[in-house]
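Take a look at the structure set out below.
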Amino acid sequence: MDLNFTPEEEAFRAEVQAFLKERLPQRIAHKVKAGQRLTKADQDEWHAILNERGWYANHWPQAWGGPGWTPVQKFIFDHECALAGGPRIVPFGVNMLGPVLIKYGNEAQKRYWLPRILSGEDWWCQGYSEPGAGSDLASLKTTAVRQGDHYIVNGQKTWTTQGQHANMIFCLVRTDREAKPQEGISFLLVDMKSPGVELRPIRTLDGDREVNEVFFTDVKVPVENLVGEENKGWTCAKYLLTYERTGIAGVGFSMAALEKLKVVASKVHRNGKPLSQDPLFATRMAKVEIDLENMKTTNLRVIAAVAGGGVPGAESSMLKIRGTEIRQEILSLIRRAMGPYALPYIEEAQYEGYADEPVGPKEAATAAANYFNYRKLSIFGGSNEIQKNIISKMILGL
């Protein structure tokens with residue numbers, strides 16, 4: 001099922017397609033389509049290309065550097081980017097912190113930090129989760145004690161994605177240990193180069209370094225880096241999470257992955273026929289495609305609801321649940337289609353002893369690595385179990 005766009009929207013889609021054809025580096029697009037890791041240089045290059053066109057912060061208000069797109073235009077852009085192999089925009093600065101600063105930051109913070117997000121001068125990471133505070137985020141223990149014109153921060157954050165590249169981290173810290181859990185939390189911006197900040201890598205199952213632990217030992221943070229009111233950071237946290245969860249749904253990337261699945265299923269043969277003609281496999285493909293089309297419409301509805309400055313509510317949790325389940329199912333089907341060729345999920349192992357010839361279909365090289373890596377989708381940003389609790393509370397009043 002294709003969505004019906006107006007002539008103006010179709011013209012915009014053609015503009016986006018022309019831009020991607022002209023400006024998206026094919027070297028980067030090839031990596032994305034093959035499921036390979038992008039370097040920081042790759043991500044910075046795409047960031048700069050989008051920012052030059054004025055399309056980087058595509059959901060920000062025009063007053064702060066956004067393009068002023070409608071929800072449908074943003075949907076079209078994300079869709080076409082995913083199909084063309086455009087990299088997922090690193091979300092922490094532009095998609096998470098940016099909206100928080102626009103809504104809760106003071107004028108000085110907006111004028112200082114927002115242009116630096118656009119230019120790429122600051123690379124941000126997220127300091128939310130802790131060893132004892134993941135989905136139960138209000139249990140966080142990292143403290144910030146005010147001393148004069150600084151806060152002194154002590155504690156630990158974990159699962160800090162791409163923290164090895166970041167020079168800044170936005171953190172939830174406890175500024176009142178006597179208050180109720182959600183009422184004693186503040187939102188701080190911390191320079192990663194500050195004395196007392198230590199970063200330790202966490203190696204993931206596919207052998208990569210994507211996430212990290214961050215330790216804070218008597219780290220001094222200027223009071224002007226407090227966003228919003230002291231002890232009212234939970235409001236900022238919830239606002240940010242709605243944007244994070246909506247983005248995790250990854251509709252465009254699921255569409256691109258589905259197209260890849262269809263190609264794989266047409267190329268891999270079982271019992272003398274393409275896998276796409278196997279009744280059981282074809283049924284699972286059809287179901288995930290129907291689910292994705294339904295979610296596509298829901299995603300448009302949520303984007304439209306927040307276009308006027310509102311905040312997505314339980315809908316963001318619904319998108320997070322269905323979006324992550326759909327992406328995981330597609331990646332699972334790609335891995336299953338590869339059969340035994342997906343077993344060596346370290347890419348180099350695919351070529352060992354076979355000169356330049358890969359073992360099995362070329363799509364097999366990253367099939368298992370991506371499958372294992374994206375098991376995280378239903379956990380981070382608040383596990384899917386927690387999202388169901390949120391939906392029950394906000395919609396059903398349970």
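Values quoted throughout were computed directly from the atomic coordinates according to the rules given, and no laboratory measurement underlies them. Since the structure is predicted, the reported quantities are computational estimates derived from the model, not experimental observations. Here Cβ is always computed from backbone atoms with ideal geometry, including for glycine, and neighbour counts include all displayed protein chains.
Some points to look at:
- In region 15-54, GluC sites (Glu not before Pro) in a DSSP loop with at most 11 other beta-carbon atoms within 10 Å: none
- Positive-end ranking of ALA237, VAL227, THR161 along the dipole of region 154-237, with charges on Cβ about the Cα centre, is headed by THR161.
- Remark: region 56-66, residue by residue, has Karplus-estimated 3J(HN,Hα) of 6, 8, 6, 10, 7, x, 4, 4, 10, x, x Hz, where x stands for each Gly or Pro and the curve is 6.51 cos²θ - 1.76 cosθ + 1.60 at θ = phi - 60°.
- Of (i) 32, 24, 22; (ii) 39, 24, 19; (iii) 36, 24, 21, the label for semi-axes √(5λ) of the Cα gyration tensor in Å derived from the coordinates: (iii)
- Using only side-chain charges placed at the Cβ, +1 for Lys and Arg and -1 for Asp and Glu, the dipole size of region 105-163 relative to its Cα centre rounds to 60 debye.
- Counted by neighbouring Cβ atoms within 10 Å, the residues ASP176, ASP42 run from fewest to most as ASP176, ASP42.
- Region 266-287 and region 46-62: distance between their alpha carbon centers, rounded to Å: 40
- Region 123-231: C-alpha gyration tensor shape, a/c 1.5 cut-off, then a/b vs b/c: oblate
- Prolate/oblate/rounded label for region 109-175 (Cα gyration tensor, a/c 1.5): oblate
- Placing +1 on the Cβ of every Lys and Arg and -1 on the Cβ of every Asp and Glu, with no other charges, gives the chain a dipole of roughly 680 debye about its Cα centre.
- Among the GluC sites (Glu not before Pro) in region 120-222, those located in a DSSP loop and surrounded by at most 13 other Cβ atoms within 10 Å of their own Cβ are GLU121, GLU178.
- The helix-based estimate of mean residue ellipticity at 222 nm for the chain, built from -39,500 (n - 2.57) per DSSP H run of four or more residues and divided by its residue count, is -15000 deg cm²/dmol to the nearest 500.
- Between helix 71-84 and the chain: long-axis angle, C-alpha atoms, 0 to 90°, nearest 10: 50
- Set of lysines with alpha-carbon distance to LYS193 below 30 Å, sequence-local pairs under 8 removed: LYS40, LYS103, LYS110, LYS141, LYS157, LYS220, LYS232, LYS238, LYS376
- Relative to one another, the C-alpha centroids of region 116-185 and region 188-210 are positioned 13 Å apart.
- Counting other Cβ atoms within 10 Å as a rough exposure proxy, the listed residues ASP149, ASP78 run ASP149, ASP78 from fewest neighbours to most.
- In the chain the longest region clear of trypsin sites (Lys or Arg not before Pro) that are loop-assigned by DSSP and have at most 12 other C-beta atoms within 10 Å covers 194-398.
- Under the shape rule built on the C-alpha gyration tensor, where the axes satisfy a ≥ b ≥ c, region 7-89 is oblate, since a/c reaches at least 1.5 while a/b does not exceed b/c.
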